[in-house]
1. So which helices (runs of 4 or more DSSP H) stay within the range 17-105 end to end and still have 1 or more residues that are touching a residue at least 12 places away in the same chain (Cβ under 8 Å), open to solvent by 40 Å² or more (accessible area, probe 1.4 Å) and hydrophobic (A, V, I, L, M, F, W, C)?
2. Going by the structure shown, is L4 in a helix (DSSP H, G or I) and exposed (fewer than 15 other Cβ atoms within 10 Å of the Cβ)?
Amino acid sequence: MEWLRFVIAALLLCGGVVVEILAIAGVYKFKYLLNRMHSAAMGDTLGLMMVAAGMCVIWGFSFTTLKILVMLGLFWLTSPVSCHLIGKLMVETDEDLEKECEVRE
């Protein structure tokens, strides 16, 4: 049973690392700020969830697991707010936004 926990935790941790690496690649690949911010935000959310789930599987149900879940909850509350504020600032201050974005009517 212990090896099954180890395999599940290893898969979750490796999956989280792969998601984070892909998010980093997306940040460097995309040209515009809003696209880069979307890649970073999605990678942070999914990658952090997978890494935290892997650590919870390793440690089992303990006080450390509770702290990881609290940290994950706080991150999920603050990350979308900060991304929204950065995007709103970009939209309000960028004069060449029409060139960078597709306008749908």
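1. Working: elements: 33-59, 63-93, 97-100.
Correct list: 33-59, 63-93.
2. Details: in a helix (DSSP H, G or I): yes; exposed (fewer than 15 other Cβ atoms within 10 Å of the Cβ): yes.
When the stated conditions are applied, L4 passes them.
The values are calculated or read from the model by the stated rules, or taken from the named source; none is laboratory data. Quick caveat, the model's predicted, so the values are computed rather than measured. Cβ: placed from backbone, ideal geometry, glycine included. Neighbour counts: every protein chain shown. Protein only, heavy atoms only, side chains kept; ligands, DNA and RNA dropped before computing areas. Shrake-Rupley method; radii C 1.70, N 1.55, O 1.52, S 1.80 Å.
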